[in-house]
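The values are calculated or read from the model by the stated rules, or taken from the named source; none is laboratory data. Note that the structure is predicted; figures quoted are calculated from it, not measured. Glycine also receives a Cβ, built like all others from the backbone with ideal geometry; neighbour counts cover every protein chain displayed. When the accessible area is computed, the model is the full protein with side chains, heavy atoms only, and any ligands, DNA or RNA have been set aside. Shrake-Rupley method; radii C 1.70, N 1.55, O 1.52, S 1.80 Å.
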Amino acid sequence: MGRYSELHRRSLEDPGGFWGEASERLDWWRPFDTVLDDSRPPFYRWFTGGGLNICHNAVDRQVEAGRGEHTALIHDSPITGSGSSLTFRELRDLVARFAGVLRDEGVARGDRVVVYMPMVTEAVVTMLACARIGAIHSVVFGGFAAAELAARIDDAEPKLVVSASCGYEPGRVVDYYALLNRSLALADTPPPRCVILQRTADPVELDPQRDLDWHEVTAGAAPADCVEVEATDPLYILYTSGTTGRPKGVVRDHGGYAVALSWSMEYVYGLAPGEVYWAASDIGWVVGHSYTVYGPLLHGCATVLYEGKPVGTPDAGAFWRVVEEHGVAVLFAAPTALRAIRGQDPDARLIRARDTSTLRTLFVAGERCDVDTLRWCREHLGLAVVNHWWQTETGWPMSANPVGVESLAVPDGSIGRPMPGYDIRILDTHGAEQPPRSSGEIVVRLPLPPAGCLTLWGDDEGFVNSYLERYPGFYRTGDAGFFDDEGYLHILGRVDDVVNVAGHRLSTGGIENVVSAHPDVAEAAVVGVPDDLKGEVPLCVLVLQAGTTRDVDRVIAEVVAKVREEIGPVAALKSGVVVSGLPKTRSGKVLRSCIRSLAAGEQVTVPPTIEDPDAIDEVAEALRRIGRPPAGGTAARR
Ligand code: COA
Ligand code: AMP
């Protein structure tokens, strides 16, 4: 049996022994009573009774271990033409001072702090400072609109919001401060205090009653030490999309998260302390939380915080410049980013123009990675490319090629094998386990390993309903897939109404709610359709209110603008069609999967219960007029 198989077997047979050993990588101030606390299923907890602090382990412990002068955080910002770096000692001192600011503002253990910031050093410092005093951070991605931020503020009920005057996207300044003000006006429970980072080139006039200037208050603050928290205390809430329009607040702990991340840094990603790791993700997503902020620092690695794009800042060679300049050993990127780079530099001229010899492995995740892109990267970078699979709820990879343990012969197109602690099964809709090569829903036998979602914020019932009820004893991933004969896992796509746009997870239901609220729209269906660059993009099919005489193109343009305004530019809804009726079953269920298949040029399975078969033809015709499916693809009907 290979080393990977042995580790995986042991993790399932003896989770207490396996994760107990892994926990020795960290500093504990109080030993835990039990590794796996299964006293309250299905709410499993790890390291109950233990006392520690993840910020201490990520920052202070590294200084104490003699890494104080090693680089911890590299900020690289091609958009602003600036860059800087902090050593572990400098990071500790800055985090301690900002933690002092939070403490002085009355933020205490268990209080929430919403962070709405661009990719800047101060954002990472803010997250770590919250952890330092036991406060719970909730980072909201900058590409969301004011209403989405307001919904998260109302759910998390923060004591304070930390934001910035602005962020920079290619060609435009994102007015974070205006978005913040709008969202506070919309929120039912706006916090009384905000701390605002003034970006030097674009400061704003602060509200003297409400706002503090990030740098001003931090400069004068007395540092705060790390407080001891329970291993099971919440570290953060990270909102993600599900089937309904309402975002789900995934809650994660200090102890289990620190153990799993620190283990994965060595065994999954194959890094040694002192090396440079770069997860090219925004801190607003789980990848940013786990592998831009906590994972690398917990392992004593330097992490790169990149405020730029894969292309256009200034060109498709930007990633390779960062690798060369900072000596990146392992890069983690979204397939969309690599598709964008390949699209603009197909001959890899810009790769050859740089010295990328420090780079050992490229990891991809977040969305489906097409085999052509994976092979292009492998060929032109001359290194191992690992496609791995996980999600906001799990916090670290469920399935991968664990190069730090053993390089498995993963076939292209697979996402590797289950990682330790993940007992992954494929079930059909009746809950029967499927043999190799038969597809079904991918589930994980409970308990999830350390770092798995504890619950949804303030909604234990929603947690059980969303993930645990459908297949008792298992966690639903929401993805469909199959194992091949060699035990490698393959992903087919989501089983729910989630659309994955450029690696960003969005709810089609949420977009549909916004579209349907347009006064001229009677009904709408939003589906994810294939896109060469972003993997998937949303598309809407509308039925106009009876008697509307408005110009159809005008209404679609308004709907597109409304989604951008209410959900945010990241939703990337760009097109739609108008029909006289949506295809439905006789019981009134909209046949979204038929619409999706029509737009993708796939076989369309029309159920016998369809109310009006002509509705399918009408949608097909309307889609054809906007170039769906793309040339060459024709939707076959069954
Ligand atoms: N703040 C504000 N707006 C943001 C934002 C942020 N942090 N991030 C993205 N947006 C905006 C963009 O400006 C864009 O607005 P626009 O419609 O006015 O142009 C919109 O949201 C869509 O952004 P994006 O998804 O970045 O698409 P793009 O067409 O601008 O760029 C790529 C294409 C390929 C460069 C880009 O999609 C990309 O870098 N993809 C990789 C994403 C990634 O790393 N995902 C992993 C998450 S784990
Ligand atoms: P998020 O929670 O935003 O990280 O999105 C997680 C979802 O992205 C998963 O449930 C999958 O649907 C998808 N996903 C993540 N990684 C992969 C991958 N390597 N291949 C295919 N889909 C992926």
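For residues in the stretch 351-371 being of a type in the set (A, V, I, L, M, F, W, C) and open to solvent by 30 Å² or more (accessible area, probe 1.4 Å), which is farthest from TYR277 (Cα to Cα)? Spell out the reasoning first.
Taking the stretch 351-371 first, the residues of a type in the set (A, V, I, L, M, F, W, C) are 351, 353, 359, 362-365, 369, 371.
Going one step further and asking which of them are open to solvent by 30 Å² or more (accessible area, probe 1.4 Å), we end up with 353, 371.
Working: ALA353: 21, VAL371: 24 Å.
If we take residues in the stretch 351-371 being of a type in the set (A, V, I, L, M, F, W, C) and open to solvent by 30 Å² or more (accessible area, probe 1.4 Å), then VAL371 is farthest from TYR277 (Cα to Cα).
Find the strands (runs of 3 or more DSSP E) located wholly in the stretch 142-197 whose residues include 2 or more that are over 27 Å from LYS309 (Cα atoms), and list them.
Numbers: elements: 160-164, 167-169, 172-174, 193-197.
Answer list for the stretch 142-197: 193-197.
Just to check your reading of the model, which residue among ILE626, ILE567, ILE616 is open to solvent by less than 20 Å² (accessible area, probe 1.4 Å) and in contact (Cβ under 8 Å) with a residue 40 or more places away in the chain? Working first, answer last.
Values: ILE626 fails: open to solvent by less than 20 Å² (accessible area, probe 1.4 Å); ILE616 fails: in contact (Cβ under 8 Å) with a residue 40 or more places away in the chain.
Testing whether each residue is open to solvent by less than 20 Å² (accessible area, probe 1.4 Å) and in contact (Cβ under 8 Å) with a residue 40 or more places away in the chain leaves just ILE567.
In the list ARG199, ARG210, ARG193, which residue meets the criterion of being away from ligand 2 (no atom under 16 Å from the Cβ), open to solvent by less than 30 Å² (accessible area, probe 1.4 Å) and over 25 Å from the mean Cα position of the chain (by Cα)? Can you show your working first?
Working: ARG210 fails: open to solvent by less than 30 Å² (accessible area, probe 1.4 Å); ARG193 fails: open to solvent by less than 30 Å² (accessible area, probe 1.4 Å).
Going through ARG199, ARG210, ARG193 in turn, the sole match is ARG199.
Within the stretch 36-46, does at least one residue satisfy the condition of being in contact (Cβ under 8 Å) with a residue 60 or more places away in the chain, at positive phi and part of a strand (DSSP E or B)?
Scanning the stretch 36-46 turns up no residue that is in contact (Cβ under 8 Å) with a residue 60 or more places away in the chain, at positive phi and part of a strand (DSSP E or B).
From the list LEU374, LEU448, which residue is farther than 30 Å from ARG352 by Cα, under 22 Å from the mean Cα position of the chain (by Cα) and either within 15 Å of ligand 2 (Cβ to nearest atom) or open to solvent by 10 Å² or more (accessible area, probe 1.4 Å) (or both)?
Just a single option satisfies the conditions, and that option is LEU448.
For the stretch 139-190, give me each residue that is touching a residue at least 40 places away in the same chain (Cβ under 8 Å), more than 16 Å from ligand 2 (Cβ to nearest atom) and of a type in the set (Val, Ile, Thr).
VAL161, VAL162, VAL174
Does LEU36 qualify as being under 30 Å from LEU408 (Cβ atoms) and open to solvent by 20 Å² or more (accessible area, probe 1.4 Å)? Walk me through it before giving the result.
Details: under 30 Å from LEU408 (Cβ atoms): yes; open to solvent by 20 Å² or more (accessible area, probe 1.4 Å): yes.
For LEU36, the condition - under 30 Å from LEU408 (Cβ atoms) and open to solvent by 20 Å² or more (accessible area, probe 1.4 Å) - is met.
Quick check on this structure: which one of ALA409, ALA384 is surrounded by fewer than 19 Cβ atoms within 10 Å (Cβ to Cβ) and within 16 Å of ligand 2 (Cβ to nearest atom)?
Of ALA409, ALA384, the one residue that is surrounded by fewer than 19 Cβ atoms within 10 Å (Cβ to Cβ) and within 16 Å of ligand 2 (Cβ to nearest atom) is ALA384.
Is there a residue in the stretch 588-604 that is open to solvent by 60 Å² or more (accessible area, probe 1.4 Å), assigned to a helix (DSSP H, G or I), out of contact with any Asp or Glu (no Cβ under 6 Å at 6 or more places or on another chain) and within 24 Å of PHE141 (Cα to Cα)?
no
What are the pairs with Cβ atoms under 6 angstrom where one residue, in the stretch 279-307, is away from ligand 2 (no atom under 16 Å from the Cβ) and the other, located anywhere, is assigned to a loop (DSSP other than H, G, I, E, B) and modelled with pLDDT under 95? Sequence gap at least six, or different chains.
Matching pairs, first to second residue: GLU307/ILE79.
Against the definition (aromatic (Phe, Trp, Tyr) and part of a loop (DSSP other than H, G, I, E, B)), how does TYR239 come out, yes or no?
no
May I ask you to list the residues in the stretch 367-398 that are away from ligand 1 (no atom under 14 Å from the Cβ) and of a type in the set (Gly, Ala, Ser)?
Within the stretch 367-398, GLY382, ALA384 meet the criteria.
Condition first: farther than 20 Å from GLY295 by Cα and of a type in the set (Ser, Thr, Tyr). Now tell me which residues in the stretch 70-108 satisfy that.
Within the stretch 70-108, SER77, THR80, SER82, SER84 qualify.
Filter the stretch 351-366 down to the residues that are away from ligand 1 (no atom under 13 Å from the Cβ) and not in a strand (DSSP E or B) and list them by number.
Within the stretch 351-366, ILE351, ARG352, ALA353, ARG354, ASP355, THR356, SER357, THR358, LEU359, ARG360 qualify.
From GLY143, GLY171, grab the single residue that is surrounded by fewer than 22 Cβ atoms within 10 Å (Cβ to Cβ), over 22 Å from LYS248 (Cβ atoms) and within 13 Å of ligand 1 (Cβ to nearest atom).
GLY171
Restricting attention to the stretch 213-236, and to residues there that are part of a helix (DSSP H, G or I) and open to solvent by less than 50 Å² (accessible area, probe 1.4 Å), which single residue is nearest to VAL139 (Cα to Cα)?
Taking the candidates together, the pick is TRP214.
Identify, by number, the condition in (1) closer than 19 Å to TRP396 by Cα; (2) near ligand 1 (Cβ under 10 Å from one of its atoms) that ILE341 doesn't meet.
The one condition ILE341 does not meet is (1).
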